[in-house]
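Inspection log for the structure reproduced underneath, given as structure tokens.
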Amino acid sequence: MRTVAQAQPNIALIKYWGKRDVDRNLPAVDSLSVTLDSLWTRMSLKFDEQLERDTLTVNGSTAPSMLQRVSNCLDLVAGDERARARVDSTSNFPIGAGLASSAAAFAALVVAADEAAGTRHGTSTLARLAGAASGSAARSLFAGFVELTAGDVEIEVRNIAACASWPLTIIVAVTAEEPKPIGSTEAMIRSARTSPFYSSWLEQQDGDLETARDAVQQKDIAKLAAVAEHNCLKMHSVMWASRPPIVYWNQATLACMQTIRSLQADGHGVFFTIDAGPQLKAVCLPEAGDIVRAALEQTRGVIRTLQSGLGPGARLLEQE
Ligand code: DP6
């Protein structure tokens, strides 16, 4: 029997950047995100006693570079004694280009593996297991507005507001589709070791999180915009000041930032955020969606845009 689970990527408004424990992949800071609805990754999984080793395909092609992480994650969910697995992943958005593809992939993987192995871990435990594979994946287990609290021993993840309570629209401006030059895991380790701004990044995170949480509860877009943009630019400043520097942006990323600034000057409820890649994500009030999308599509260097509302956490789709 094959088990299929689906998860959506999430976009952090207050970012996870840095690890307090690299081996256990424990984040150094708390974070706050929104889970999307229209971008998805589906994981189809079958444990098979006849298989000698795990296999993985991503959008129909074998993916040897990801296989070890997938196998480790399956061990965490189903135990080292488990049968080997055939895993097939499909996504409807670009992989490895700063669109949180690993978040959606590992969130879907833990749900599929839990069902196939019959382990019934429960959502909080599955979030911890997904987070051990990729920190941001833990947040995709939950719907809507999600907060991740990073303790010394383990993480806690919870929904802080439902999708319907403030149905924001996300427009992703895709400015490059090739995989990013350096993965976020390595980039975080380099930031912690070499960036002179890393310690102030850590110090200010709790304050940013509190402001963002209040803004979500009050549905105050101006307040959320100010803190989320500042938090994003601080994270990138940490990266830029690392040695060697980590720069994920391209010219179109900057052009998109200027587009958002003009929209804000015209009074539209919108702000930007950017992750470990060159794509810009615009977060806006639903009534601003059409104008934001049109403006980003006309921005020089934008290849295409993707639009999404807020959506559910990772879930089982079917058994075949
Ligand atoms: C910039 O979750 O990909 O998107 O735990 O090393 O797999 P690992 O990192 P990952 O990092 C995400 C970083 C970010 C910010 C965020 O999503 O909070």
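Within segment 189-200, the set of residues being part of a helix (DSSP H, G or I), of a type outside the set (D, E, K, R) and under 17 Å from ALA276 (Cβ atoms) comprises ILE189, SER191, ALA192, THR194, TYR198.
In this entry, GLN279 passes the filter for residues that are closer than 22 Å to ILE182 by Cα, within 16 Å of the ligand (Cβ to nearest atom) and touching a residue at least 24 places away in the same chain (Cβ under 8 Å). Restricting attention to segment 201-218, the residues that are out of contact with any strand residue (DSSP E or B) (no Cβ under 9 Å at 6 or more places or on another chain), touching a residue at least 12 places away in the same chain (Cβ under 8 Å) and exposed (fewer than 15 other Cβ atoms within 10 Å of the Cβ) add up to 2. Restricting attention to segment 230-267, which residues are crowded, with 20+ Cβ neighbours inside 10 Å, free of Cβ contacts under 8 Å to residues at least 60 places away in the same chain and under 17 Å from LEU168 (Cβ atoms)? Across segment 230-267, the qualifying residues are ILE260, LEU263. Scanning segment 189-200 for residues that are exposed (fewer than 13 other Cβ atoms within 10 Å of the Cβ) and within 16 Å of the ligand (Cβ to nearest atom) turns up just one, ARG193. Per the listing GLU203, GLU210, GLU186, the residue uniquely within 16 Å of the ligand (Cβ to nearest atom), of a type in the set (D, E, K, R) and assigned to a helix (DSSP H, G or I) is GLU186. Every condition in (1) small (Gly, Ala, Ser); (2) within 16 Å of the ligand (Cβ to nearest atom); (3) surrounded by 16 or more Cβ atoms within 10 Å (Cβ to Cβ); (4) in a helix (DSSP H, G or I) is met by SER65 except one, and the failing one is (3).
Each reported figure results from applying straightforward, stated rules to the coordinates on display, with no laboratory input. Being a predicted model, the structure only gives us computed values, none of them experimental. Neighbour counts run over all protein chains shown; Cβ positions are idealised from the backbone, glycine included.
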